[in-house]
1. Based on the Cβ-Cβ distance from Thr147 to Phe188, what FRET efficiency comes out when R0 is 35 Å, to the nearest 0.05?
2. Scaled to the compact-protein estimate 2.2 N^0.38 Å, what is the alpha-carbon radius of gyration of the stretch 158-198, rounded to two decimal places?
3. Tell me the accessible surface of Met384 in square angstrom (1.4 angstrom probe, heavy atoms of protein chains only), to the nearest ten.
4. Can you give the extra length, in nm with one decimal, that the chain gains between Gln327 and Val426 once fully stretched, where that is 0.36 nm per residue apart less the Cα-Cα distance?
5. Helix-only estimate, please: 222 nm mean residue ellipticity of the chain, summing -39500 (n - 2.57) across DSSP H runs of length 4 or more and dividing by its residues, to the nearest 500.
6. Using only alpha carbon pairs under 8 Å that are at least six residues apart, calculate the relative contact order of the chain and give it in whole percent.
7. Fully extended, how many nm does the chain gain between Gln276 and Thr252 (0.36 nm per residue separation, minus their Cα-Cα distance)?
8. Over the chain, average the accessible area per residue using a 1.4 Å probe and give it in Å², no decimals.
Amino acid sequence: MWQPDVLVVGGGPAGVAAAVELAGMGLSVLLAEQRDRLGGAIHRAYAGAGTSQIRRNPHHQRRWQGLLDQVQQVGDRLSLQFQSVFLGVERDGRYLLDDRVAGRVRSVRPKAVVMAVGGIERVLPVPGWELPGVTTAGGMQVQLKETGEVPRGPILVAGSGPLPLALAAQLAAAGNPPLAVLERGQPFRAVLAQPGAAFNGMRSWPQLAEALGYAWQLLQSGVPYRTGCRVSAIEALPHGLRVAVVDHHGRTRVHEVAHLALHDGLDANQTGLPRQDAPGLPVLWAGDCREVLGADAAISDGRRAAQQVALALGHLNGMANFDSQLQAARRTQAALRTLYHTPAPSMTPETVVCRCEGLRAASLAALQGAASPHEMRVVGRFAMGTCQGRFCARTVQEFAAETGVPFELGALHGSTPRWPLRPVSVAALAAYTDA
């Protein structure tokens, strides 16, 4: 059994920042990352030979390189365990990891834990979103970074928020500009209607420079940015997709594409995480799994969590103040919500709500007579698939509220998290060792 002072789960900016901060204080740290290298989604490493030509943001790259330099500096006080997936916590405080290199489940008994498992990308269901060729904007961006290859054929980017802009700019810079970026909200009108709310949160020069860079790339590449447009339906074609788009005037335009990238924001990923207020060893959440505040704030939040853990373990007498940095990030996120706010589109009865189980809106509406949320979860199968509700729970809850079904997120996730939280092979469980 591993017995480090601190277990950190997640090798993105928040997890690495927490790990190097703790190791720098002299604590032994085990960092478990499910991929084969550090980075998370934002710094997903290129898997090919040589150097990828996919453009990355210089500001984020500099900050990430600084963290990697610190990983080297802390030496053997920080142990990196790659391709290890967090499965759950036993009652006696053992944290179980699926070691996919060794092909077995192993246990860790730390003195404290930092959970930094990142966020969950959200996509609002529309008819046909489950078809091949439809992906999330974040998923397509990760594919770009990891493979260095641009998807072939016409691409349409749609949804809401700043990430579709970033993806479209990267696609354009890599040689395959999308046909258009379709924004559901109307950010320019929002600025005119509430200039104070928008500008007060957008005072960070690195973020403004990043946004201006994306806009300039799209302008140079001739990619139209259309606001007030929503995808209303997606249909399969023999060699692609037919995408119907409705603008704010009610007019419909049809695009035929090979790929459609959708994005409707990020949610904190807290499904199955050990509670921060649970008795026993100290547990802290950090980064996007605690609160979605962006990559820069994730680094500060990782350090905040590390210092709280060190304080609890008696390795620190006082903490640095991270409030101003995190509050600035909250103002930025609030401004973005103001800019991109728009009501969620309505779903038809045949719209797939839960992609894991292929469940449709009509199936949820039919559960109105069930006796309890637990019964509806078990009988209806919502949030019972591979994602365990990470991807569909919020949408199910919101739709249930509209139809009178008494679902709650807690009921969907279960009052007690069931492990394994992620799929694990029977062979790995059979080979479980406490050594």
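The values are calculated or read from the model by the stated rules, or taken from the named source; none is laboratory data. All of these numbers come straight from a predicted model, not from anything done at the bench. Cβ sites come from the backbone with ideal geometry, for glycine too, and all protein chains shown count toward neighbours. Each accessible area value is taken on the protein alone, full model and side chains, heavy atoms only, with ligands, DNA and RNA left out. Shrake-Rupley method; radii C 1.70, N 1.55, O 1.52, S 1.80 Å.
1. Once the sixth-power term is evaluated, E becomes 0.50.
2. 1.40
3. Ignoring ligands and nucleic acids, Met384 comes out at about 40 Å².
4. Contour length minus Cα-Cα distance gives 31.1 nm.
5. Calculated from helices alone, the mean residue ellipticity at 222 nm is -10500 deg cm²/dmol.
6. Relative contact order for the chain comes out at 21 percent.
7. Between Gln276 and Thr252, full extension yields 3.8 nm more.
8. Counting only protein heavy atoms, the per-residue value for the chain is 46 Å².
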